Amino acid sequence: MESVFLQAGDWAFIASNGSYLLVGTIVTVLLTVTSLGLGFLAGFPAGAIEVYGSGRLEDIVSTVGVVLRGTPIVVLIFLFHFGLPIPDLGDIQWLDIQLSTFVAATLALGLRSAAYQGQVFRGAIQSIDEGQMEAARSVGMTRLQAIRRVVFPQALRRSVPGFQNEFTIVLKDTSVAFAIGLAELLTRAENLYLQPGRGTAAMEVIITISAIYFVLTFTTNRSLDRLEDVYATPGGNE
Amino acid sequence: MSEIEVRGSTVGEIPGRKRLVVIAVGAVFWTWLLARWAYHNTLLDRLFTALGFPDLVRSELGYRQQEPWLPAAPFEAVAEAILSVQSAFGPLEFLVGWAAWPFELAAFATTTEPALASGAFITVYLTILSMLFGLVIAVPLSVARVYGGPILSGISLVYTELIRGTPLLAQLFFLYFGLPLASFFNGFAFVGEGAIPRASILVAIIGFTINSSAYQSEYIRSALQSVDAGQLTAARAVGLSKLDGIRHVVLPQGLRFAIPGWTNEFVYLIKYSSLASFITVPELFRQARNIGSDTFQFTDIYVIAALFYLALVLTTALAMSKLESAVAIPGLGSSARRD
Amino acid sequence: MSLLRVENVDKSYGDEEVLHDVSFEMDRQDVEVIVGPSGSGKSTMLRCVNRLTEIDDGAIYLDDEEIHGIDENDLRRRVGMVFQDFNLFAHRTARGNVTLGLTEVLGLSKEEAQAKADDYLGRVGLAEQADSYPAELSGGQKQRVGIARALAMDPELILFDEPTSALDPELIGEVLEVMRDLAEGGMTMLCVTHEMGFARSAASTLTFLDEGRIVERGPPEQLFDTPEHDRTRQFLGELTDLH
């Protein structure tokens with residue numbers, strides 16, 4: 001092998017493309033946020049249905065959950081990209097992305113995340129002591145009131161570590177949207193070193209974007225840790 | 001929270017009736033898959049040729065020449081029969097289209113089956129090898145994290161955090177395009193010959209091994225930490241050294257605790273092995289993608305691929321829960337941990 | 001010549017002094033019982049003898065050899081220990097609990113170890129339970145396995161760290177009975193326990209430890225009937241009333 005690694009010229013090349021990678025980072029963060037949001041909106045009721053629902057509905061929810069969790073994310077992304085009749089929604093110019101591609105990626109990442117967040121929330125609900133429900137009923141609340149006012153608030157707090165986990169997974173898996181040409185961080189990295197004569201910069205470019213991913217996961221996790229400490233119910237997580 | 005969730009559980013408990021369905025479908029699936037692999041296995045071909053049955057096993061055929069085992073025609077006929085009455089349904093004709101679709105899909109599956117089987121072979125061995133190599137790294141890594149001094153546990157921590165904090169796809173690209181390991185491997189004459197896989201597969205195995213070792217070590221670490229400290233004390237009180245105590249007392253318990261997490265990681269790796277397609281490994285997903293671009297039946301082929309992965313994932317989860325109960329010890333294991 | 005000699009032992013955890021200038025001697029076949037309120041340093045004293053805890057100052061001699069000059073695994077082979085919460089190896093059967101030390105530390109073959117384990121399990125009355133896992137045993141049975149595990153190593157001395165404190169009252173008797181048999185059989189035993197009946201009938205010497213110091217030490221009758229210190233009378237009186 002030639003010793004062409006880690007050349008100063010390659011780092012300078014990356015530095016000069018800093019804003020190019022920054023736009024990719026923004027797309028990555030945006031995709032993470034939209035997917036997690038969709039995942040929460042769909043996952044929260046899914047988890048509740050799996051605990052309190054019955055019959056057909058619960059059956060469907062749990063089966064769809066297994067399918068979403070058992071299929072590779074890249075298959076889901078391709079399936080949503082090619083299989084769904086998403087209309088052409090135009091481009092977002094300054095991010096250099098097609099909106100329909102972004103929507104396909106959001107649906108795939110978001111619904112799969114919903115399947116996992118549903119599991120997190122289901123586990124949290126089931127971990128709440130039976131006595132909580134009995135106590136709520138004994139002061140005269142209806143079952144629905146008890147679920148809404150007593151079980152859910154506690155379950156949500158207990159779900160925080162699981163949601164945090166989900167964030168890290170979704171952030172990293174946005175890189176798979178590379179496969180359908182969405183110009184997120186990894187795609188832009190590849191665009192850089194695939195430029196003629198820039199093949200030697202591949203290593204430096206990948207190190208750079210890996211560092212960006214790492215900083216994003218690390219700082220967010222630490223901030224969420226802190227947030228969790230601040231909002232924790234004393235003794236409520238045991 | 002005592003239990004550390006590294007990655008959410010994929011399958012969980014499969015309830016009774018569904019379990020039977022999974023077992024039945026899984027048995028058919030694996031019978032077919034193993035038969036397919038055996039039918040095109042080089043070693044078996046040599047064996048049976050030596051025994052005087054040169055045509056029993058056909059390893060000389062590339063998957064594009066391989067014949068489907070089931071004819072597509074009956075499925076196509078059913079689909080056509082359904083579609084032939086479509087116009088009679090007026091505005092509801094799309095419903096007829098839906099009814100015909102499973103048969104079209106089945107017909108398509110029979111024609112693509114040889115290629116998918118050859119891809120699944122790579123998916124499976126890629127996953128199994130990476131899990132096993134990953135385990136070999138993960139055990140010392142987690143022991144260092146729990147019982148090592150500040151330096152050893154620090155190294156272990158940095159390794160797992162760096163690997164878990166960056167995308168697997170970026171790691172594969174780093175090895176394949178960045179380092180580039182593939183051209184390094186191709187420098188050896190024996191790579192890609194005989195039983196040695198081609199360079200891209202080797203790179204994928206290295207990448208997956210590194211990645212899964214970090215996740216596996218997190219599962220094993222939390223399992224080790226859930227082993228009661230008195231166990232090691234008792235081992236030391238009998239006269240075992242610390243290392244022997246870890247080996248004979250802590251690890252046998254901790255590794256049992258780790259089986260559910262390990263199963264989960266196994267399932268994750270089956271799914272994420274699909275990313276190897278982006279560094280040219282002809283595994284299951286790559287085969288599906290190639291078929292898609294040859295036939296333009298993108299939706300159909302990805303649905304078939306999804307069903308394929310589901311079959312792999314669900315049968316693995318079932319097999320692992322069998323393993324868990326096989327090595328279970330009364331009062332010890334995942335159920336006892338919740339006490 | 002004494003088997004165990006503890007000389008001027010000090011031990012602190014941070015600012016908290018747990019043992020202060022503790023000295024005593026035991027001969028072979030002695031049964032020494034240490035009593036004292038919780039937090040008095042009894043368990044710490046015990047753990048210093050097999051070096052699960054390291055002393056800060058002073059010296060401990062086993063058979064005239066300072067224990068810090070002995071390889072620690074070797075020391076622990078020679079000094080057995082029975083724990084309050086049993087600490088049975090959860091993944092091994094009763095027999096497996098006994099054989100682990102025999103094969104790994106004493107280097108016995110698997111067959112020898114099993115024969116020896118069955119012999120000792122028989123002695124504590126658990127021949128039938130040899131194939132049971134800890135989770136399948138009652139507390140009293142668990143503790144008897146713990147005793148068999150320690151005994152099988154042929155120790156010169158066994159440390160008992162509150163062996164009956166984690167047991168339901170109706171299970172205490174069977175464990176004490178095994179301990180009494182051992183004492184009568186000539187085993188050298190250093191016991192921390194709250195069982196005053198056992199202390200009175202089985203102990204050759206009774207030590208009252210309070211706030212890390214030996215308050216009083218002598219034959220059990222003397223401490224029970226004619227204690228020199230009020231503190232001793234008060235403590236033993238309370239405990240005897242309780243039982």
### Query
Residues in the stretch B:232-245 that are touching a Phe, Trp or Tyr at 6+ places or on another chain (Cβ under 8 Å) and surrounded by fewer than 20 Cβ atoms within 10 Å (Cβ to Cβ): how many?
2
### Task
Could you list all residues from the stretch C:148-161 that are in contact with a Lys or Arg (Cβ under 9 Å, 6 or more places away or on another chain) and part of a helix (DSSP H, G or I)?
C:Ala148, C:Leu151
#### Entry: Lone unmet requirement of (1) more than 24 Å from the chain's Cα centre (by Cα); (2) among the aromatic types (Phe, Trp, Tyr); (3) under 20 Å from B:Leu310 (Cβ atoms) for B:Phe89
(3)
### Task
Of all residues in the stretch C:174-198, count the ones that are in a loop (DSSP other than H, G, I, E, B), of a type outside the set (A, V, I, L, M) and out of contact with any Pro (no Cβ under 8 Å at 6 or more places or on another chain).
5
### Index of the failed condition, A:Ile147 passing every other in (1) away from chain B (no Cβ under 14 Å); (2) free of Cβ contacts under 8 Å to residues at least 40 places away in the same chain
(2)
### Task
Identify all residues within the stretch C:54-92 that are assigned to a strand (DSSP E or B) and either facing chain B (nearest Cβ under 7 Å) or of a type in the set (Asp, Glu) (or both); write none if there are none.
C:Asp57, C:Glu65, C:Glu66, C:Met81
### Query
Does the stretch B:193-209 contain any residue that is of a type outside the set (A, V, I, L, M, F, W, C) and within 14 Å of another protein chain (Cβ to nearest Cβ)?
yes
#### Entry: Condition met for C:Asp118 (away from every other protein chain (no Cβ under 13 Å), modelled with pLDDT under 95 and surrounded by fewer than 20 Cβ atoms within 10 Å (Cβ to Cβ))
no
### Query
So which residues in the stretch B:256-269 are surrounded by fewer than 24 Cβ atoms within 10 Å (Cβ to Cβ) and either more than 20 Å from B:Phe133 (Cβ to Cβ) or at the interface with another protein chain (Cβ under 8 Å from one of its Cβ atoms) (or both)?
B:Arg256, B:Phe257, B:Pro260
### Task
Please work out which residue is surrounded by the fewest Cβ atoms within 10 Å (Cβ to Cβ), limiting yourself to the stretch C:93-103 and to residues that are part of a helix (DSSP H, G or I) and more than 8 Å from chain B (Cβ to nearest Cβ).
C:Thr103
### Message
Name the residue that is farthest from B:Ser274 (Cα to Cα), counting only residues in the stretch A:37-57 that are surrounded by 15 or more Cβ atoms within 10 Å (Cβ to Cβ) and more than 18 Å from the chain's Cα centre (by Cα).
### Response
A:Gly53
### Task
Just give me the residues in the stretch A:72-83 being at the interface with chain B (Cβ under 9 Å from one of its Cβ atoms) and either free of Cβ contacts under 8 Å to residues at least 40 places away in the same chain or over 22 Å from B:Phe278 (Cα atoms) (or both), in sequence order.
A:Pro72, A:Val75, A:Leu76, A:Leu79, A:Phe82, A:Gly83
### Query
Quick one: which helices (runs of 4 or more DSSP H) sit completely within the stretch B:204-292 and have at least 3 residues that are within 23 Å of C:His91 (Cα to Cα) and touching a residue at least 24 places away in the same chain (Cβ under 8 Å)?
B:251-257, B:259-272
### Message
What's the total number of residues in the stretch C:173-197 that are without any contact (Cβ under 8 Å) to a residue 24 or more places away in the chain and among the hydrophobic types (A, V, I, L, M, F, W, C)?
### Response
1
#### Entry: Flag if A:Leu182 is assigned to a helix (DSSP H, G or I), aliphatic (A, V, I, L, M) and in contact (Cβ under 8 Å) with a residue 24 or more places away in the chain
no
### Task
Could you list all residues from the stretch C:63-86 that are buried (at least 22 other Cβ atoms within 10 Å of the Cβ) and on the phi > 0 side of the Ramachandran plot?
C:Phe86
### Summary
Cβ pairs under 7 Å, 6+ apart or interchain, first in the stretch B:21-37 and in contact (Cβ under 8 Å) with a residue 40 or more places away in the chain and over 15 Å from B:Phe308 (Cβ atoms), second part of a helix (DSSP H, G or I) and of a type in the set (Lys, Arg), ordered by first then second residue, are none
### Message
I'd like to check something: does the stretch B:166-173 contain any residue that is within 14 Å of chain A (Cβ to nearest Cβ) and surrounded by fewer than 21 Cβ atoms within 10 Å (Cβ to Cβ)?
### Response
no
#### Entry: Test: A:Thr220 is surrounded by fewer than 22 Cβ atoms within 10 Å (Cβ to Cβ), within 30 Å of A:Arg122 (Cα to Cα) and not basic (Lys, Arg)
yes
### Task
Output the residues belonging to the stretch C:104-114 that are part of a loop (DSSP other than H, G, I, E, B), on the phi < 0 side of the Ramachandran plot and either surrounded by fewer than 19 Cβ atoms within 10 Å (Cβ to Cβ) or among the basic types (Lys, Arg) (or both).
C:Leu106, C:Leu108, C:Ser109
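The values are calculated or read from the model by the stated rules, or taken from the named source; none is laboratory data. Keep in mind it's a predicted model, so treat the numbers as computed, not measured. Cβ coordinates were reconstructed from backbone atoms using ideal geometry, including for glycine residues, and neighbour counts include every protein chain displayed.
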